[in-house]
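The values are calculated or read from the model by the stated rules, or taken from the named source; none is laboratory data. In this text the structure is predicted, and so the values were computed from the model without any measurement. Cβ atoms come from the backbone with ideal geometry, glycine included; neighbour counts cover every protein chain shown. Quick note on the areas: whole protein, heavy atoms, side chains included, nothing else; ligands and nucleic acids left out. Shrake-Rupley method; radii C 1.70, N 1.55, O 1.52, S 1.80 Å.
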Amino acid sequence: DITFIQSEEPTHAVGFAMATAGSVVLIMLIAFILLGTVQVLVLPKISFNSAKLGVVEPWKALGLGLAILVAAPFGIAILMSTVIGIPLGIVLVAVYLVIVALGLVVSVLTIGRRVLRLFGRNWDDQSWGRVGVVAIGMLVIAVLAIIPFLGVLVVILALSLGTGALVVHLVRGRAVATS
C-alpha cells in the first residue's frame, strides 16, 4: 500500500520568503523616504537645483550618472586590490554609496514634482510639501520597480539620472565658488 501525506513545508517556506522580501522592500521604502525628508529639509537648494538640472539636461545627467554607477565600482575594486589603496578604497565606497543614495532622492524629487505638476500643484515652498514630493516620487518609483524587467530598468535610470544631476550640480557649484 502507498499512502500520500501532504506536507505544508514548501508552502510555508515560500510564504515566509515572500513575507521577508516584502518586509525588506517596505523597510527600504521607509528608509529612503526618511533620507529624502532629511535631504530636502537640510539641503533644499542643492536637492531641488539638482532635480531641475535633471529636467533641463537629462541626457548629460543620465550619461554621467550611468558612467559613475558602472565605472566607480571597477575603480574601487582596482584600488582595493592593492595594499596601499585599501584605505582610500574604503573611503570611496562610503562616498559612492552616499552619492548614489542622495542621487536617488534627486530622481525622486524630479518625479514627485512632475506628478504634482500634472495636477497643477507646486509644493516646493513648504517644508511639509517637500516631504510630500519625496513621498510621492518614492511611491511612483517603488510601484514601477516591482514590474518585472521594467522595474530594474526604472531603478537603474532613476539612480543614473539623479546621481548624474547631483554630481553635475555639485561640480558646477564648486566651479562657481572657486572663480
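List, please: which pairs have Cβ atoms under 6 Å, are six or more places apart or on different chains, and start with a residue in segment 62-86 that is more than 12 Å from THR163 (Cβ to Cβ) and end with one that is part of a helix (DSSP H, G or I) and open to solvent by 80 Å² or more (accessible area, probe 1.4 Å)?
Pairs found: LEU79/LEU88.
Surrounded by 11 or more Cβ atoms within 10 Å (Cβ to Cβ) and at pLDDT 90 or above: which single residue out of LEU53, LEU29, LEU66 fits that description? Don't jump to the end; show me each part of the working.
Working: LEU53 fails: at pLDDT 90 or above; LEU29 fails: at pLDDT 90 or above.
Residue meeting the stated conditions: LEU66.
Residue by residue, here is whether (1) of a type outside the set (Val, Ile, Thr); (2) at pLDDT 90 or above holds:
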| residue | (1), (2) |
| --- | --- |
| LEU88 | yes, yes |
| ASP124 | yes, no |
| GLY132 | yes, no |
| ILE136 | no, yes |
| ALA145 | yes, no |
| ALA165 | yes, yes |
| ALA175 | yes, no |
| THR178 | no, no |
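Please enumerate the residues belonging to segment 41-60 that are in contact (Cβ under 8 Å) with a residue 60 or more places away in the chain and farther than 16 Å from GLY173 by Cβ.
First, the residues of segment 41-60 that are in contact (Cβ under 8 Å) with a residue 60 or more places away in the chain: 41, 44, 46-51, 53-54, 57-58, 60.
Within segment 41-60, LEU41, PRO58 meet the criteria.
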